[in-house]
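Reading through the structure tokens given below for one structure.
Rule-based calculations on the coordinates, nothing more; no lab input. Since this is a predicted model, take the numbers as computed values, not measurements. Note: ideal-geometry Cβ built from the backbone for every residue, glycine included; neighbour counts use all protein chains shown.
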Amino acid sequence: MHGYTVAYEREEIQFPVYVVCLIGASLATIGIAIDNVILIALSLMALGFGYYNYPLLETGKPRVGCGQYGIFAEGLGIVAWRSIKEIELKAIDIRGSTSNELRITLLDPLERALLVDWRRRPFYRFLMRLPWSFSKSVIRIPLDVFDRPADEIMRSFTRMMSFYKR
């Protein structure tokens with residue numbers, strides 16, 4: 001599929017994941033060495049956080065994009081252009097900081113809107129982060145973790161939608 005794709009950002013997003021994994025490994029080593037169940041439990045929580053956020057370390061791989069058939073997202077599939085009612089960029093204030101979110105409103109139920117369904121994932125990927133969330137008929141994609149600015153992503157998606165949805 002030729003089109004527009006975005007991947008996770010390469011710079012500042014990886015550092016916290018590496019630090020938490022290092023802390024988890026250190027707590028596990030110390031907990032096993034001194035036979036402390038609390039430290040082992042804390043290490044499992046830290047390593048679980050690192051496992052959940054592991055996809056943030058896989059930079060360069062397209063996570064979200066659009067092309068002639070529709071919008072695709074990793075772990076979701078390809079949503080057909082004909083099933084999309086509107087695409088909007090929302091600025092959301094969370095505890096004093098603003099984050100951008102792309103909201104894709106669907107005309108059809110998700111099962112009919114998907115041309116290709118990628119929601120079945122391998123077991124080892126089941127607990128990992130997805131670049132989207134879905135509620136009712138709206139797909140939400142947080143844009144601040146990607147390697148392109150939110151307004152550029154929005155412009156590209158709306159341009160592609162107006163071209164292919166004729």
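Please go through segment 111-162 and write out the trypsin sites (Lys or Arg not before Pro) that DSSP classes as loop and that have at most 13 other C-beta atoms within 10 Å. Intermediate results must be reported in sequence, preceding the final value.
Numbers: sites: ARG112, ARG119, ARG120, ARG125, ARG129, LYS136, ARG140, ARG155, ARG159; in loops: ARG119, ARG120, ARG129, LYS136.
Passing sites in segment 111-162 are ARG119, ARG120, LYS136.
How many times 2.2 N^0.38 Å is the alpha carbon radius of gyration of segment 9-57? Let's see the in-between values first.
Details: Rg = 11.8 Å, N = 49, 2.2 N^0.38 = 9.7 Å.
Ratio of Rg to 2.2 N^0.38 Å for segment 9-57: 1.22.
Counting neighbouring beta carbons within 10 Å and listing from fewest to most, the residues VAL64, VAL37 come out as VAL37, VAL64. For volume of the Cα convex hull per residue in Å³, several values are listed as [x] 88; [y] 156; [z] 135; flag the one computed from this structure. Calculated volume of the Cα convex hull per residue in Å³: the matching label is [z]. Restricting segment 35-142 to chymotrypsin sites (Phe, Trp or Tyr not before Pro) that sit in a DSSP loop and have at most 12 other Cβ atoms within 10 Å of their own Cβ leaves PHE126.
Say R0 is 41 Å: what FRET efficiency, to the nearest 0.05, do PHE134 and THR29 get from their beta-carbon distance? The formula returns an efficiency of 0.55 here.
Can you list which of the GluC sites (Glu not before Pro) found in segment 7-49 are DSSP loop residues with at most 14 other C-beta atoms within 10 Å? Let's see the in-between values first.
On the way: sites: GLU9, GLU11, GLU12; in loops: GLU9, GLU11, GLU12.
Of the GluC sites (Glu not before Pro), the ones in loops of segment 7-49 whose Cβ has at most 14 other Cβ atoms within 10 Å are GLU11, GLU12.
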